[in-house]
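Heads up, the thing below is written out as structure tokens.
The values are calculated or read from the model by the stated rules, or taken from the named source; none is laboratory data. Remember, predicted model here, so these are calculated numbers, not experimental data. Here the Cβ positions follow ideal geometry from the backbone for every residue, glycine too, while neighbour counts run over all protein chains shown.
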Amino acid sequence: MAATTETLARPLPQVVARDVTRERGGWTSWVTTTDHKKIGIMYLVLTFVFFLLGGTEALMMRLQLSQANNTLLDPQTYNELFTMHGTTMIFLFVVPIMAGFGNYLVPLMIGARDMAFPKLNALSFWLLAAGGVVFYASIFFSPPECGWTCYAPLSSKDYLPSGGVDAWIYLIHLTGLSSLVGAVNFYATIANMRAPGMGWGRLPLFVWTILTYSVLLILALPVIAGAVTMLLTDRHFGTHFFEASAGGSPLLWQHLFWFFGHPEVYIMVLPGFGIISEVLPVFSRKPIFGYKAIAAATVVIAFLGLLVWAHHMFATPSPTFVLIFFMLGSFLIAVPTGVKMFNWIATMWRGTVEFRTALLFAAGFLGTFLIGGITGIFLAVFPVDWQLTDTYFVVAHLHYVLVGGAVFAIFAGIYYWFPKITGRMLSEGLGKVSFWLILIGFHVTFLIQHSLGLDGMPRRIYEYADVGHLELYNLISTIGSFILAAGILVTVVNVVRSVRVGVIAGPDPWKANTLEWFTTSPPPVNNFDVVPRVRSVEPMKDIRRQVERQTGHAAAPAPPAPESALQA
Amino acid sequence: MNRIPAALKPTRRNSRRVALATLAALGLLLAFAGAAFAGAIAPESGGSPNADQIASLYKLVLAVAVVVFLGVEGALFYSLFKFRARKGAVAAQIRGNTRLEIAWTLGAAVILVVLAVITFSKLGAIRNPPNSGPNGAQLADGVLVASGPSKRLPPNGRSLNIQVNGQQYIWRFTYPDGDTNDLNNAFSYQEMVVPVDTTVTLEIRAQDVAHSWWIPKLGGKFDAVPGYTNYTWFKIPGRLAGKVFTGQCAEMCGRNHANMTAQVRAVTPQAYEQFISRRKADIKAADAAAQIQRKRLESSGP
């Protein structure tokens with residue numbers, strides 16, 4: 001953690017951080033910290049622990065489904081498991097891990113000292129941790145069993161009187177507040193604390209997606225907060241917002257839930273898109289293709305994402321006009337998403353693609369997420385959706401979108417930024433093993449689930465009769481899930497090992513484009529002693545070029561670039 | 001740059017061979033899949049025209065999807081293999097190409113317009129019930145209340161209207177008997193019996209939590225939501241008399257959701273008439289027996 005650098009073999013652009021007091025160690029330094037990097041690391045570690053918990057729940061479900069009429073789990077346990085799994089993965093893993101990356105990286109990428117409101121930032125993290133604790137404490141009592149959607153009236157006191165649903169409501173409130181506070185913080189940071197010269201047209205694409213993520217959170221979260229509060233008062237204080245027999249409406253719950261729930265999908269995948277937009281150009285040694293189009297597509301996806309929620313409700317009693325509106329809206333989203341896809345592929349086109357683990361995960365993202373996008377079109381065609389909705393086809397689709405679109409990107413991000421965060425490289429060998437296990441395991445698990453749905457298997461059933469090919473398909477899926485789990489474990493081993501024995505990374509191991517690589521790895525507590533003037537969307541390329549110009553084309557040792565040259 | 005292509009020629013030929021082999025394998029896979037089309041890569045159908053129309057709409061979307069899939073994955077794999085880093089290779093510093101980008105934006109939009117047009121062309125046949133066939137059950141005029149914005153009737157206004165009621169964890173079916181009093185109607189649980197070649201309209205309701213009505217071969221899902229009525233229809237062809245179509249609740253409705261099954265038994269119109277009168281007689285007898293039982297209990301009471 002020493003904030004100085006030794007003389008290096010090559011002229012690497014960096015600034016020596018002087019006179020920095022040594023950071024305090026020990027657990028109190030973590031609990032009391034307001035440093036965005038420490039908070040970021042806590043986010044990443046905590047959310048990954050939840051990822052492993054959610055994954056374990058998934059494996060238990062897959063074990064139960066591996067055979068027809070299996071009696072391994074009873075229906076109550078099974079319902080609790082899929083509720084815990086969905087809720088954990090969405091509220092405690094994908095959304096907050098993106099906040100973790102954002103926390104660690106946004107200030108570094110825009111050349112800032114910290115987030116705009118460091119104490120608020122710490123509050124964000126501790127609210128998230130509290131949400132997780134409250135929710136997981138319910139496993140000692142009675143976990144919720146209404147799915148992550150907790151549809152009324154099943155979630156009402158009449159049908160689920162135990163405290164599980166209340167724990168779930170509490171989790172939504174706590175993690176929601178955490179995200180809201182975090183989103184305001186991100187917005188303020190990105191709007192106000194960019195390095196000199198970093199106009200909106202030079203903002204790294206990952207930061208663009210975090211900005212959009214924040215706006216979506218600010219727009220969507222108050223709606224779910226209101227909805228779960230109404231559910232809470234229905235359950236305990238005698239209101240009837242969602243009770244049909246008393247003039248309320250169960251469909252109101254679905255509308256409110258999905259008004260939040262669909263933007264939530266983009267909240268989860270847009271930062272993933274951002275990670276991909278950072279990783280691909282670096283390992284293709286080419287600028288991103290169509291920077292403006294990708295940034296604009298991000299914003300357009302977010303806007304359209306707010307207008308398509310009822311495509312989750314095509315089978316409900318709704319007028320044809322509504323069905324058509326939401327079908328066409330969902331179609332429209334495919335356009336900016338397709339634009340991004342083409343731009344990413346064009347970024348590699350005529351580049352020199354280096355197959356590092358981060359690039360592999362990014363390529364896995366492209367190939368996998370594409371399938372999720374295409375099956376999304378099937379589901380947007382509402383008459384087709386009538387056959388597919390609430391079956392395993394949807395389970396397959398949503399995992400292709402969320403694992404393909406978010407988890408692959410998260411792993412690309414882990415392999416890409418681990419050297420910056422820890423100062424050490426992850427093992428490429430283990431990384432590649434992990435990648436292939438995850439890729440193969442994922443597709444074996446989920447591709448066949450499309451067929452399960454088409455063969456008539458609804459979601460959220462704890463057992464099925466051995467008709468059609470259901471048992472064979474389910475067994476294949478279960479085998480795949482264990483391959484996938486093995487792949488994830490290899491990365492866990494890789495991380496735990498490399499933190500201690502990984503090769504020292506140096507400030508810029510990838511020769512990357514953005515400012516976080518300008519400082520040491522790991523960065524000192526103040527991030528930068530001097531912040532360079534940003535002249536393009538790839539400031540590190542400019543700086544490297546400038547250093548090479550000034551030092552000659554040298555492989556000889558050279559001092560860090562003088563300040564005057566950097567501040568221009 | 002110039003000497004590299006020469007050195008790489010064999011590799012390129014190899015990769016082309018690999019690409020061809022992959023295409024052939026995919027073709028074979030599709031051919032095999034064709035045999036087991038329904039239930040593996042297309043939804044089930046065959047019991048009713050709307051299910052058939054949905055399946056054919058699905059296959060059209062699938063055809064477009066396969067083209068898009070092969071095109072984009074092809075471009076992805078081509079870029080990954082063709083442009084992998086080699087000694088001496090230099091990455092072209094291209095930042096974008098506005099014309100190209102506009103072209104693929106429009107391209108994506110055109111594909112979606114095509115899909116929308118296909119969907120609209122099929123929509124009528126999926127949503128609107130046809131008249132019953134000549135061999136169907138003879139239905140009296142005005143069996144039904146008038147159609148509304150979401151309730152659709154065949155052009156001649158006649159359909160066999162069955163009320164479907166979802167409850168934890170069973171489906172109840174109430175059959176029409178021509179009068180407005182539903183309390184004396186024939187009803188059944190779990191198995192619905194319907195005449196073939198007859199347009200059957202369903203009024204789907206729920207009495208506790210939300211459920212979803214789904215018999216895959218007879219069309220899509222329609223949610224049963226408390227406080228609302230949902231509508232759908234099916235018409236089983238005459239040749240399928242004697243067949244049973246199975247399905248199950250598709251909306252998570254509680255612990256026993258997995259066992260909330262339903263089946264529809266298609267019978268000839270004559271058999272349907274017999275079924276209804278037998279049910280009515282059974283229900284009447286059961287009611288009478290219950291009356292006697294109650295009287296006995298009341299008179300022997302304390």
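Tabulated results
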| quantity | calculated |
| --- | --- |
| Contacts under 7 angstrom Cβ, first residue in the range A:321-332 being in contact (Cβ under 8 Å) with a residue 40 or more places away in the chain and at the interface with another protein chain (Cβ under 10 Å from one of its Cβ atoms), partner among the aliphatic types (A, V, I, L, M) and not in a helix (DSSP H, G or I), 6 or more apart | A:M327/A:V381; A:S330/A:V308 |
| All positions within the range B:190-203 that are in a strand (DSSP E or B), under 9 Å from B:I236 (Cα atoms) and in contact with a Lys or Arg (Cβ under 9 Å, 6 or more places away or on another chain) | B:V194, B:T199, B:V200 |
| Within the range B:94-138, considering residues that are among the basic types (K, R) and without any contact (Cβ under 8 Å) to a residue 24 or more places away in the chain, the one nearest to the other protein chains (Cβ to nearest Cβ) | B:R95 |
| Near pairs, Cβ below 9 angstrom, 6+ apart or cross-chain, from the range B:249-270 (in contact (Cβ under 8 Å) with a residue 60 or more places away in the chain and away from chain A (no Cβ under 12 Å)) to any residue that is assigned to a helix (DSSP H, G or I) and basic (K, R) | B:V264/B:K217 |
| Only listed residue being modelled with pLDDT of 95 or more, surrounded by fewer than 19 Cβ atoms within 10 Å (Cβ to Cβ) and assigned to a helix (DSSP H, G or I), chosen from A:L52, A:L108, A:L72 | A:L52 |
| Members of the range B:220-246 that are touching a residue at least 24 places away in the same chain (Cβ under 8 Å) and at the interface with chain A (Cβ under 7 Å from one of its Cβ atoms) | B:G220, B:K221, B:D223, B:T229, B:N230 |
| Scan of the range A:323-334 for residues that are surrounded by fewer than 22 Cβ atoms within 10 Å (Cβ to Cβ) and touching a helix residue (DSSP H, G or I) at 6+ places or on another chain (Cβ under 6 Å), ordered by number | A:L332 |
| Yes/no for B:E203 being under 17 Å from B:N128 (Cα atoms) and modelled with pLDDT of 80 or more | yes |
| Conditions (1) at the interface with another protein chain (Cβ under 9 Å from one of its Cβ atoms); (2) in a helix (DSSP H, G or I); (3) in contact (Cβ under 8 Å) with a residue 60 or more places away in the chain; number of the one not met by A:P317 | (2) |
| Criterion (assigned to a helix (DSSP H, G or I), free of Cβ contacts under 8 Å to residues at least 60 places away in the same chain and facing chain A (nearest Cβ under 10 Å)) met by exactly one of B:A55, B:A51, B:A40 | B:A55 |
| Selection from the range A:334-389 of residues that are more than 8 Å from chain B (Cβ to nearest Cβ) and outside any helix (DSSP H, G or I) | A:R356 |
| Of all residues in the range A:273-314 being within 30 Å of A:C150 (Cα to Cα) and of a type outside the set (A, V, I, L, M, F, W, C), the one that is nearest to the other protein chains (Cβ to nearest Cβ) | A:H312 |
| Verdict on B:G88 being part of a loop (DSSP other than H, G, I, E, B), buried (at least 17 other Cβ atoms within 10 Å of the Cβ) and more than 7 Å from chain A (Cβ to nearest Cβ) | no |
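Listed here are the residues, each with its yes/no results for (1) touching a Lys or Arg at 6+ places or on another chain (Cβ under 9 Å); (2) within 14 Å of chain B (Cβ to nearest Cβ); (3) surrounded by fewer than 21 Cβ atoms within 10 Å (Cβ to Cβ).
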{"residue": "A:Q449", "(1), (2), (3)": "no, yes, no"}
{"residue": "A:G453", "(1), (2), (3)": "yes, yes, no"}
{"residue": "A:R459", "(1), (2), (3)": "no, yes, no"}
{"residue": "A:E471", "(1), (2), (3)": "no, yes, yes"}
{"residue": "A:L475", "(1), (2), (3)": "no, no, yes"}
{"residue": "A:L484", "(1), (2), (3)": "no, no, no"}
{"residue": "A:V496", "(1), (2), (3)": "no, no, yes"}
{"residue": "A:V499", "(1), (2), (3)": "yes, no, yes"}
